[in-house]
Structure formats: C-alpha cells, structure tokens
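Everything on this sheet refers to the single structure shown next.
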Amino acid sequence: MQHKKKNNKKTRTRKPSTHRARTSSQKGKTQHLTGILSVTKSGIGFFMHESIEEDIRIERAHLNTALDGDTVEIVRLPKMPRDPRHFGKVLQVVERAQRQFVGELRKEDNQWILVPDNKRVYTPFLLDDVPKDTPLRHKALVEFVRWEPTEKAPHAVIREVIGRAGEHETEMKAILLARGFVSEFPPAIEQEARALLSQREVPSEELAWRKDFRDVVTVTIDPHDAKDFDDALSIRTLQNGNTEVGVHIADVTHYVRPGTLLEKEAQKRGTSVYLVDRTIPMLPEVLSNDLCSLRPHEDRRAFAAVFELNEKAEVVQHYFSKTLIRSDHRFTYKSAQDVLDGVDTQSPFADSLTTLWALARKLRSGRVAAGAIEFESDEIQFELDAQGKPLKAYVKERLNTMKLIEEFMLLANRYVATHIASHSKGKNPSDSMFVYRIHDMPNVDKLAELEVFLRALGHEHLSGKDPQQIKAQDLAKLMRDIKGTPEEAVVQMATLRSMAKAVYSDKNIGHFSLGFTHYTHFTSPIRRYPDMMVHRILAAHLDKSPIPADEISAYRRLAIESSQREVEAVSAERESIKFKQVEYMHNRIGELFEGKVTGVTKGGMFIAETVTHAEGMVRMNSIPGDWFELNEKQYSIVGRKTGKTYRIGDTVRIRLRNVSLDAREIDWEIIEH
C-alpha cells in the first residue's frame, strides 16, 4: 500500500481517536482542546479531537516540549491563506506518556547526551550527573527529569547502562526496557513462587470437587522450543458414538492468588513477551515451566471446557469444570503432523489425533462459512549463532496441527464468553461482569481507502459497496480470492491496517474478524493476565459467588492496561525481528536478491526481500532508465519517457546498496523488473 509521510501538505481526515479528548475552555473564537499528541520522526505533531473531523498540524516550534503520546492542551491557530491545513500550538503538557527512554550515549560540545532509539522522540536528552566511568557509544536507560519551555532539550539522568550499541544482548535488552519490560523477577517474588512448590501434590479433599481426567487420553501439542504447556486436549468416544473433547487449561489462579506479590507482578507485566531469541515470561519459571505447565506423565491442575461433539463437529452439550489431568504425551507441531501424514506409523495416539483433526477441519469450515476472516501472514524466524548473530532467516511452516489447536482454543474461548453472557442477562453488575476480547468494525474512511487501493490493483471486491455496509464476509472472500496472487501479502497488510485493533473490555461488541458475537481469552493464563481474570470470573460464576465491587472496578482498569501492555509486547517482538532482518543483511552489501514492491511514495519504492521479508527503500532518483514519478491513483511509479511502470506486488531484481543498523534501514537498488 502507499506509504504516506505524515508531514505532507494534504489535509488528512481520520476517525476521531478513542482516547479521552475534551474541550477544556473556549474564549470567543479561541478553542482550547485537550487530547493525545502524535509526533513524527521529523518533529511534526498531529492532534486529533472528537469534536473535529481533521487533524491539527503542530509545527516543531509550537510543540512547547511535548513528546509523542503526551496528553496536551492546544489552541487552534488562524488559518493560513491558500493553505487547507489546520494548525495549532501546544499550550501545556498535561501528562507525560513516558518517563523512561532508551538510546545511545554520546558527547557533543563536552555535554553528555542520549540519542533516543525511538525516532519519534525528535530531540536528544541532556544528561545530568553522569558518572565518570560512563562509556561512550553504549545504550542506556534514562529517566526524564524536566524540560522547561526556555530550554532547547529535555534533561534526564542515567538509570542503567545496558551495553555496547549494536551488540545482540544490548539491543534485545534495549528493546525490552524501552517498553517497560524486564527479564528478572525481584527476589521476593521468586521466593513467593518457590514456596508454592509445597502445593504440588493434590490432596484427597481437592479431588472431591476437581473432576479427574487422568484415565482419559490427553496430549499437548506445542512449538518444538516451548517450555510451558498451558493447554492440553483430552479425547474419548462416548457410548452414543459422539466424541468428547476436553480443552484443559493450566489452573494458574489456583496458585496465583489476589493480594500476593505474584498477582501484582502479573498485573504489572500483563503478558509474556516473545523476542527472536527469548521469552520474557509473565510468571516466574517455577510456575510457568513447572507447577502450571501441563507436562507429560505428571498430575496437573487445570480448568476445562468439555464438549460433546457429533460427527459434524456440532456441539451437542458442554460444561466447565476444574480438572486434574495427566498428559500422556508431549507432541510438537511437527511430530503431531508426522502422525497425521503417516510418517510416524508407530504412535499409539494416531486415532486420537486423526479424530481431533477431522473435527477441527469441520469447525474451521463452519467458521469460514459464517464469515470469519482468515489472515495467514508469514512468520519470520531466525537461526542464530552463540553470539546471537543471524545465520539464516526463514518463513515458519504453517502446519495443520497448528490449525487443529487453534480451532479448539477458539471453541473454548467462544463458549466461555457465550456462557457468561447468556447466564447474566438482567442480573446485577457483579453477576454480569466479564472481560471480553472485542474487535470493532473497521473505520469507514479506512475501508473507503482500501476500496480505492484494491481497485487500483485490479480487484473489484469492494467496488460499489457502501463502506458502512461492508461485512466480515466481504473481507473474508477478498482474502480467499487474493490467495496465491503476487499482491497477496500487500493486500492482506492493507486490509489489516484498515481494521480496528482487538482489545480487552467489559463491554461486549463482538469480534468482527472472527465473526463471533461473544469472545474472550481463556486459554493462555500462563502468558496473558486477562486469561487469569477470565478464570476467576468464570469460577466465581460457577460457584455462584458474588464479585466484590472493588474487584469489578479493578478488572475494568486491568482490561485497559492489559490491552496497552499487549501493544507494547507486539511492538517489542516486531522490533526484535526488524533488527535481526537488518543485521542479517548488514554483511551482504552488493549481493543480489529478489523482492516485491510493497509500497510507493514520492521518494521511491518500498521493497521486501522475498525470503527474509526485510523491507527497504529504492530512492526515486536511483531507479535506472528514466525519470520516474508517483502515480497516486494507481499506486505505482511511472517513467516519464518510457512509461515503464512499477506497481505494488511486482517482483523485481534488487541489489543491496546500504544498511544502517542504527536507523534499522535498508537501501536497495533496482537491477531489473
């Protein structure tokens, strides 16, 4: 899709943001507005408010110390002659979005500064009280101290020197610290976790209320490098010929109780984080890799959604229960796939896996027929050496066993949410409180942009449709129809960008892309805090225990905070992949590659290398054979004399021209079309 600079001269129309923005005062025609500021890499601010249709541009000279994400109060400035844009000026920073920053330590004019890794932080920090032995060109974590309007730059103090810039360990840690994630747990929390080992054995009185599944065939299926197993599937044939499938989820809340240090740390972290070479767990390893992990041949506590399915994979009946399981086998996705493919002919679980896959396929077909949108983007993985240098980059294979697990997790999540909603109608707030996973309908303006983009590529799927009437089924058909086309990845990304983000909320509006009216996250409490909340609420509901008012209030707040932490975790994961893509290319300058055009701008083309998906830029003035210009309507670049055209989705031969590890940027040059 066309990559647009935020500081272009066109007035941008966007959907009003969902943050709290308000009119703080109004004197005559001067309107003061309060809301969140977005800042570009070049230091240009953009401000949106629910009372206006178009964003307000704020020049760097008028930012008044405001940084990206800050809550600010602004005033609109008088319109400039013959300029359609709206301008404003920051009056004051109401609240800082961030107080800790990561960057590189440097010296300018005998003054220590930190150059932020986040390029949206458009100014360096002046560092106060720098220790004498502080090393140059190292990454550091600093804390914001002040930025007076009379000062040219903000002041900060060093909290931690991370390591030499460019080194693997330094960069991975910097990515985490920049988003508020830390690897280590405080000693008191580790101690509290170790104390729970005394609860490993299940006493007889607990078996009186925990349903025993230890004699039912049960397996786990996870990635080959997984250390925690938070879901297992049990399967048995019932006397009526139907199949019972139990989706057993680690009973984390049995161990992590409200008010404990472990609970507070889980709330703070919100989620586990997955970088290219490591996992930063939400819970200490004593829990995540031991007590709560559904390891084979060990008794484990679980919370289950148990389904009776007929041969059409229709749910005949279901129930929820705390269970005790003993997994019979730990499959990887690959080893389970070998059983399904007949490569492994000796597995005693072949019939069980075959039945599970047959049911999963029918569940999937039903979802797709109902309008679920199937996004299957490539996942890039790396083979690293002992120092973390990338030796190989490749696309992770998408196996049927992954789809198998996905279908039963979706089934459990959907039925838990539906159960709570259907049994809570007309009841008091404590009975109806729940944490849903919701996905709003796409923004109408973005859908209109997507329709124009698709038409330019020759796809008429949304042509003539009112953007307000476009349904999930329309986008689902689009995904099916573009499968295998040269522009598949670009269209999929453009469609994703047109959609809202999925979040956690106590207000249910359904899940647009999945096509579910009720949905939640129940299946990963080891690595997601919202799942722990869902477990507690479901358990209270089943026990008919009222939820205290203060707990309801806390859940609402934590749903919002968990959504924010999820965004930061995804950002960290993507940044680690981006760094490894650029690092992988760093020693390959001059080599030839094949790539696809993924975006066009006035400055040139964005091209992603086919194998690693490493994206870089071809500058407009470096394209050989002609003088090229952007055709905005056709999302292409066209030669003035020859008419030679480069369109999004085109395959091109490219040479690696330059790589900047610091800026995470790649420059390509075109060899042939």
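The values are calculated or read from the model by the stated rules, or taken from the named source; none is laboratory data. All of these numbers come straight from a predicted model, not from anything done at the bench. Glycine also receives a Cβ, built like all others from the backbone with ideal geometry; neighbour counts cover every protein chain displayed.
Exactly one residue out of K602, K596, K578 is touching a Ser or Thr at 6+ places or on another chain (Cβ under 8 Å) and among the basic types (K, R), and it is K596. Here E205 does not fit the description of being out of contact with any Phe, Trp or Tyr (no Cβ under 8 Å at 6 or more places or on another chain) and not in a helix (DSSP H, G or I). Filtered by the rule that a residue be under 11 Å from F331 (Cβ atoms) and part of a loop (DSSP other than H, G, I, E, B), segment 223-240 gives P223, H224, A226, F229. Among the conditions (1) modelled with pLDDT of 95 or more; (2) in contact with a Phe, Trp or Tyr (Cβ under 9 Å, 6 or more places away or on another chain); (3) closer than 29 Å to G180 by Cβ, D55 misses just one, which is (1).
Residues that are in a loop (DSSP other than H, G, I, E, B) and within 30 Å of R146 (Cβ to Cβ) within segment 74-92 comprise just one, L77.
Taking the criterion of being part of a helix (DSSP H, G or I) and surrounded by fewer than 19 Cβ atoms within 10 Å (Cβ to Cβ), the only residue of segment 268-281 that qualifies is K268. At least 1 residues being within 28 Å of the chain's Cα centre (by Cα), of a type in the set (S, T, N, Q) and more than 26 Å from D385 (Cβ to Cβ) is the threshold, and among the strands (runs of 3 or more DSSP E) wholly inside segment 568-653 those reaching it are 592-601. When the criteria are applied in full, T271 meets the requirement of being under 24 Å from K396 (Cα atoms), at pLDDT 95 or above and in contact with a Phe, Trp or Tyr (Cβ under 8 Å, 6 or more places away or on another chain). Only residues that are assigned to a strand (DSSP E or B) and charged (D, E, K, R) were counted in segment 241-258, giving 1. N240 fulfils the conditions (1) within 30 Å of N400 (Cα to Cα); (2) surrounded by fewer than 18 Cβ atoms within 10 Å (Cβ to Cβ); (3) touching a Phe, Trp or Tyr at 6+ places or on another chain (Cβ under 9 Å) except for a single criterion, (3).
Within segment 390-403, no residue that is under 13 Å from V611 (Cα atoms) and at pLDDT 95 or above sits with its Cβ atom under 7 Å from a residue that is surrounded by fewer than 14 Cβ atoms within 10 Å (Cβ to Cβ) and not hydrophobic (A, V, I, L, M, F, W, C) at 6+ positions apart or across chains.
Scanning segment 577-631 for residues that are surrounded by 17 or more Cβ atoms within 10 Å (Cβ to Cβ) and polar (S, T, N, Q) yields a total of 4.
Criterion first (assigned to a loop (DSSP other than H, G, I, E, B) and in contact with a strand residue (DSSP E or B) (Cβ under 8 Å, 6 or more places away or on another chain)) does V142 satisfy it? Taking the combined requirement at face value, the residue does not satisfy it. For segment 93-114, a residue qualifies if it is polar (S, T, N, Q), over 29 Å from E53 (Cβ atoms), in contact (Cβ under 8 Å) with a residue 24 or more places away in the chain and in a loop (DSSP other than H, G, I, E, B), but none of them does. Within segment 196-235, being of a type in the set (A, V, I, L, M) and over 26 Å from R278 (Cα atoms) holds for V202, L207, A208, V216, V217, L233, I235.
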